[in-house]
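A short reminder: the numbers here are calculations on the coordinates, not readings from a lab. Note that the structure is a prediction, hence the values are computed from the model and not measured. Cβ coordinates were reconstructed from backbone atoms using ideal geometry, including for glycine residues, and neighbour counts include every protein chain displayed.
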2 protein chains.
Amino acid sequence: MADTESRTGSQTRATTASEGITRRRLIGTAGATGVALGAVGAGAGYAAAASNKLEQTTALTSLGADAVMFHGKHQPGITTPLQARGHLVAFDLAAGAGRKEAAALLRRWSATAERLMAGEAATNDDTDVARDAGPSSLTVTFGFGHSFFSRTGLEKQRPTALDPLPDFFSDHLDKARSNGDLWVQIGANDSLVAFHALRALQKDAGKAAKVRWQMNGFNRSPGATAHPMTTRNLMGQMDGTNNPKPADADFDKRIFVPESGSPAWMVNGSYVVVRRIRMLLDDWEKQSTAAQESVIGRKKSTGAPLTGGDETTEPDLEKTDAGGNLVIPLNAHARITRPDQNGGAAMLRRPFSYHDGFDPDGAPDAGLLFICWQADPLRGFVPVQRKLDRGDALSQFIRHEASGLFAVPGGAEKGGYVGQALLEG
Amino acid sequence: MADTESRTGSQTRATTASEGITRRRLIGTAGATGVALGAVGAGAGYAAAASNKLEQTTALTSLGADAVMFHGKHQPGITTPLQARGHLVAFDLAAGAGRKEAAALLRRWSATAERLMAGEAATNDDTDVARDAGPSSLTVTFGFGHSFFSRTGLEKQRPTALDPLPDFFSDHLDKARSNGDLWVQIGANDSLVAFHALRALQKDAGKAAKVRWQMNGFNRSPGATAHPMTTRNLMGQMDGTNNPKPADADFDKRIFVPESGSPAWMVNGSYVVVRRIRMLLDDWEKQSTAAQESVIGRKKSTGAPLTGGDETTEPDLEKTDAGGNLVIPLNAHARITRPDQNGGAAMLRRPFSYHDGFDPDGAPDAGLLFICWQADPLRGFVPVQRKLDRGDALSQFIRHEASGLFAVPGGAEKGGYVGQALLEG
């Protein structure tokens, strides 16, 4: 796949009617319900059926029909648009499982991911949970944690970029929900499609690996808003405004390991930092909108900097008000996280929100599954978090509760599997 | 609202462009992004934008624009089509709170539900979590539990239908996650819209009531499948095939309390049984498809009875195979749950699936938030569950872990609130 293609997101393709009718599930579905396949992907289903929804026959719109390519220069799930549902799961290799078992597992996982992302059934004993549904932009992404390399005798192949993250003053990390030998990220625009993939991959793990921790997340459903450029988080803020864009000249350099990078098996790969960041919403929501905007440095409604303009306007970091005070305070989150305040550090944030119910005192166990991608964590997450750790006005309203750092190799070639260059190198 | 209208689901309306542009959020959104409002509700967004999704400008499709009416003969969220995301939450009145505080709370809740279901902001201190989004078929439904009536001195108004459910042999109920004074069901096709409503209603509770338990669930996203008639559950089975249909002549009679019913404040209301039913998926998935189909009595792929036909074909309960055995076994789930096997008992099942992570042994804490609606639990859930409790082949693969029974009054009139006839009666 050409470089420019992967950068502009064309790994995502809409399933056209002519593609769709060759696929097993769509045929079965259409045969059973008499849906006109000509409408597949045309987005014509909702509006026409709105008057009698309980027994409507909704056409498979592109929500279900959208498929992301498994094979490619990079793994899917990095530049893929945010999906409505996500599962993060870490596995530890079982006692006695080593490099050979890991290679076989990654081969099984890659084969399953390829099939499910194309809307096909898993090879063995499919649970049927995703039956009738289209691939719904399913992506599966695989990564390797620091401990993986010791357990498989591959220490010499371990990137220095996987060295443990420094301790941060404000961390409250639960080790049982942090790190792990292997990491899998699942995203889809349909919750049953995502759960189906989770179970299929867990089954593939068999006796080779067992679940260490698992988290569920969500984002907006496609079409719920006409403002898809940036999502909102559970604090009500726009999130991701200042993300690097695939069209940026230096996007690849910042996010992916270059051809000249080392170790060689990580070329075209990326490093992911995963943080379960709990939001102290009871405290946050007691603040006035003005106070919240001062913490962030941006207007809550539009995402525009407090110094004016719209969401994409550059903030004027020197601007002062009539009293001589900085309009965007020194400890405003948006100021501290700016690349030009951090030696050019940049990362691609691609989070899910989470909500796991309420504590006994009524406080929601909710926040952000922060997921950020970079070519080098020491030039991405670490310098930014060091600065946030010292003086971010937002820090009193959040708590980092779990953390993981994983090496995510480049995408698999047809016939190959993710991590092959490491495991057979 | 006319009877026939509510029965055919026309409480659900698509927001048209002319409606949409008068609404605060959509205006703000369109102004910021330049989306052509003529496309709102036309479903034209996805396919056109598929080639470059990371920076696409998706039009607000009917997923976001669909709004359900709060006011009506019945409360919303009963015959409303299944939504992609759901929150169930039970509240207990605070010490010292009685009828007066409950009435004020239901008035606040009804006002908030009306606003949010129309896509408007909550009255006070909106968290902005749903900002930019359309109402996304949001519904909010309120119910009263057995204990509510003692706490408010309204014992004389308590329906006998709220008498505690009988003990079932196979129950493993967690009392802390069962019952409660008040019950709120939230459903929406967007997770942030649903969470936004949950927080707004929790805030409304203030010092009058506190969260007793809360559960999150999900269903298919609209458009993920071309087979919307019946959903699938996490066992991979179609679920709801034999549900009564709003077009059935006796639908209202089975599901809603009639004009002549008692107590008077429950006229047009319904009773809901809520069960958290854990699925023992590791055990279930070890069974062959044929064994699973024998447990259910239906083909897993199509939902058709094992005696032939398609999903809507009546099963032939007497049919035997060459060996003289019943094709649909005596303990098959689909046989036991049939109304004609239960004195005509019928209920409208409208569930969400749930998945709350994994147990330490790797078993998923997942299953069904079973929600069923009926005019009388003693002629709906109870006789069916009694029979299932004794001899359902499915029972070895599921475990009822929590239970609630609530009286859900009819819908509020404009200017009124849910439960007004009870609380001011």
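Mind checking the log10 I(q)/I(0) for region B:142-301 at q = 0.08, 0.10 Å⁻¹? Debye, one equal scatterer per Cα, no solvent, two decimals.
Listed by q, the Debye log ratios stand at -0.35, -0.56.
Do any GluC sites (Glu not before Pro) in region A:279-370 lie in a loop, going by DSSP, with at most 10 other beta-carbon atoms within 10 Å of their beta carbon, and if so which?
Here the sparse-neighbourhood loop sites are A:GLU318.
Hey, what's the Cα Rg ratio for the protein assembly as shown versus the globular rule of thumb, 2.2 N^0.38 Å? Mind showing how you got there, number by number?
On the way: Rg = 26.5 Å, N = 850, 2.2 N^0.38 = 28.5 Å.
Rg over 2.2 N^0.38 Å, computed on Cα atoms: 0.93.
Step through the residues of region A:375-383 one at a time and calculate ³J(HN,Hα) from phi using the Karplus curve (6.51 cos²θ - 1.76 cosθ + 1.60, θ = phi - 60°), rounding each to whole Hz and writing x for Gly and Pro.
With coefficients 6.51, -1.76 and 1.60, one gets 6, 8, x, 6, 10, x, 4, 4, x Hz.
Could you check the spin-label model distance between B:LYS253 and A:ASP163? Points 7 Å from the Cα along Cα→Cβ, value in nm.
For B:LYS253 paired with A:ASP163, the spin-label model returns 7.8 nm.
Step by step: find N for region B:255-327, compute 2.2 N^0.38 Å, then divide the Cα radius of gyration by it. What's the final number?
On the way: Rg = 19.2 Å, N = 73, 2.2 N^0.38 = 11.2 Å.
Relative to the 2.2 N^0.38 Å estimate, region B:255-327 comes out at 1.71.
Rounded to whole Å and sorted largest first, list the principal axis extents of the Cα atoms in chain B.
71, 62, 49
What trypsin sites (Lys or Arg not before Pro) does region A:261-363 have in DSSP loop regions with at most 15 other beta carbons within 10 Å? Walk me through the numbers before you get to the answer.
On the way: sites: A:ARG275, A:ARG276, A:ARG278, A:LYS286, A:ARG298, A:LYS299, A:LYS300, A:LYS319, A:ARG335, A:ARG349; in loops: A:LYS299, A:LYS300, A:LYS319.
Counting only loop positions with at most 15 other Cβ atoms within 10 Å, the trypsin sites (Lys or Arg not before Pro) in region A:261-363 are A:LYS319.
Under Stokes-Einstein, with the Kirkwood radius over Cα pairs standing in for Rh, what whole-number D in µm²/s applies to region A:346-390 at 4 °C and 1.567 mPa s?
Numbers: Rh = 12.3 Å.
So the translational diffusion coefficient is about 105 µm²/s.
Past the 13 angstrom mark, what percentage of all C-alpha to C-alpha distances in region A:93-134 do you count?
Result for the distance tail: 60 percent.
Taking amide H positions as placed 1.01 Å from N in the peptide plane, with prolines and chain starts having none, which residues 5 or more places from B:TRP213, or on another chain, fall under 5 Å of its amide H?
Distant-sequence amide H within range of B:TRP213: B:ALA90.
Could you work out the percent of alpha carbon pairs in region B:225-289 separated by over 13 Å, rounded to a whole number?
Details: 1579 of 2080 pairs.
Percent of Cα pairs beyond 13 Å in region B:225-289: 76.
Can you work out the Karplus-derived ³J(HN,Hα) for every residue in region B:159-169? Use 6.51 cos²θ - 1.76 cosθ + 1.60 with θ = phi - 60°, whole Hz, and x for glycine or proline.
Listing the rounded values in order: x, 4, 4, 8, 3, x, 4, x, 6, 10, 3 Hz.
Divide the volume of the convex hull of the Cα atoms of region B:254-391 by its number of residues and quote the answer in cubic angstrom per residue.
Residue-normalised Cα hull volume stands at 144 Å³.
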